Structure formats: C-alpha cells, structure tokens
Amino acid sequence: VTAYYKDIFDYVSTRSAKISSSRFSGGSFVTYVNQDYARTRGVELEYKKRIGQWFRGTASFAYSIATGKSSSPDEGALVQRGDFEESIKENYLIWDRPIQASVSASLYIPKGDDPFGTGIFEDLNFYVRGFFQSGKRYTPQLLVGVDPVNGRPIYDSDRDNLYGKIGEYWFSVDLNVEKHILFAGLDLGILIEVTNVFNALNPTIINPVTGRAYEY
C-alpha cells in the first residue's frame, strides 16, 4: 500500500513580457518561463501471488487526483490572444486519470509436467493481462441557445468546470502464449500474441456534449 502527496513546481508556462528599451518597438512579447504549479495525491494498492514455479499473479489498483493551474504551457499564449480565459484557481489537469486497475497472471508448465500426459502442453508459458482506467478528461459543453435560422443548438464551454468531466472508461485484455520445442538440436520458441482480445473500442477524441467518443 502506497499513499502519496506531491507538489510539482517549475512547470513551463507562457507569460507576456513588456519591452522597456526605446530601441525596440512592439510593446510586449510572449515567452516561456518555469513558474507553473501542479500537485498530485493518491493511493496505490498492489498484491502479488506466487505458487511454486508454475503460477505468478499480480493485481493492482490506484486512485489519484492531479490538479494545477494549466494543462499546457501554451495556455498563457491563448489567454493573450483572447482564445482562452485565464483561471485563478486550480483545475483538474487534462492527463488526470483517477482510477487505474490491472490484473495479470502467468502460468508456466515445465517439461515433464503436462497435466494431460501428451507432452503438447509442456514447456508452455501462458500470460494474460487485463487493464482498466478512467477515460479522458474533458470540459463539458453547456446548451446556451438555439440558432434562430436553422434551429441547431448552440453550446459553450463550462469555464467553471474546466476538465471537470471524465469520458468513457478504457479497457483491454492482452494474451500471450509461448511454446518451446526442440528441433534439430535447436530450442525453438513459438509465440502467439493477441492485443485487445475483445476488440474494446477506447475513445480517443471525446465529444464534450455527450462525453462519449466523437462520431460524425
């Protein structure tokens, strides 16, 4: 069991700097400085089990929260251009994934221990891993009106809830099977690897109106 609370200083951010020299014109410019701040806190649980030489298993669970002033060093430049509203409080960070969990198991059948006595399953390693985590964070959109011409709804970002919502969760199961055989004096390994066994569709681009994967 591990619990942690971490302050992170000197993240890169952008700030406007004024030019005081009379030799230059333009008044101000935007530059990068190390003065942003974030913090993370959470708890992690992990359990490991081993049975002889034939079984190894691990289960882990983590819950964490990451907050800060900005999720990108370019937010300051966007504020200067008027494309983004500066916040004076901490918000959730875009990479925050509150819940992560995984389960993995490895089963090895050594030579001479084939449970069926056929020899086919000896010197065989079977590995499976399941992974689950919270979806991507996004800023929800609020319905603010309806276009009088075409009747389409008009949405605007909920600036008081920056990255305050979480999209659909991510899930996958991976599988590996490795078999060793002796052939012509050589130890040959045959590997079958299957990624995302159940073909789970994990949303990468979030529709901020629905919270689900964006679709046309």
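I'm told SER172 meets every condition in (1) open to solvent by 50 Å² or more (accessible area, probe 1.4 Å); (2) under 33 Å from the mean Cα position of the chain (by Cα); (3) of a type outside the set (A, V, I, L, M, F, W, C) except one. Can you identify the failing condition by its number? So SER172 meets the others, but not (1).
How many of the residues in region 110-142 are in a strand (DSSP E or B) and either at pLDDT 90 or above or more than 30 Å from ILE181 (Cα to Cα) (or both)? Talk me through it step by step, then tell me what you get.
The first filter runs over region 110-142 and keeps only residues in a strand (DSSP E or B), leaving 124-133, 137-138, 141-142.
Among the residues that remain, those that are also either at pLDDT 90 or above or more than 30 Å from ILE181 (Cα to Cα) (or both) are: 125-133, 137-138, 141-142.
Residues flagged as in a strand (DSSP E or B) and either at pLDDT 90 or above or more than 30 Å from ILE181 (Cα to Cα) (or both) within region 110-142 amount to 13.
Can you tell me which residue among GLY151, GLY189, GLY145, GLY211 is of a type in the set (Gly, Ala, Ser) and modelled with pLDDT of 90 or more? One residue alone meets the criteria, GLY145. Limited to region 32-81, what total is found for residues that are of a type outside the set (Gly, Ala, Ser), at pLDDT below 95, over 20 Å from LYS136 (Cβ atoms) and open to solvent by less than 50 Å² (accessible area, probe 1.4 Å)? Of the residues in region 32-81, 3 are of a type outside the set (Gly, Ala, Ser), at pLDDT below 95, over 20 Å from LYS136 (Cβ atoms) and open to solvent by less than 50 Å² (accessible area, probe 1.4 Å).
Please work out if ILE8 is open to solvent by less than 100 Å² (accessible area, probe 1.4 Å), over 30 Å from SER106 (Cα atoms) and either at pLDDT 75 or above or among the β-branched types (Val, Ile, Thr) (or both). Before the answer, list the steps.
Working: open to solvent by less than 100 Å² (accessible area, probe 1.4 Å): yes; over 30 Å from SER106 (Cα atoms): yes; either at pLDDT 75 or above or among the β-branched types (Val, Ile, Thr) (or both): yes.
Spelling it out, ILE8 is indeed open to solvent by less than 100 Å² (accessible area, probe 1.4 Å), over 30 Å from SER106 (Cα atoms) and either at pLDDT 75 or above or among the β-branched types (Val, Ile, Thr) (or both).
Which of the residues spanning region 185-216 are open to solvent by 90 Å² or more (accessible area, probe 1.4 Å), outside any strand (DSSP E or B) and without any contact (Cβ under 8 Å) to a residue 12 or more places away in the chain? The answer is ASN199, ILE205, TYR214, GLU215, TYR216.
The values are calculated or read from the model by the stated rules, or taken from the named source; none is laboratory data. Not measured: the values here are computed from a predicted model. Note that each Cβ is placed from the backbone with ideal geometry, even for glycine, and that neighbours are counted across all protein chains shown. Keep in mind that these areas ignore ligands, DNA and RNA; they rest on the heavy atoms of the full protein, side chains included. Shrake-Rupley method; radii C 1.70, N 1.55, O 1.52, S 1.80 Å.
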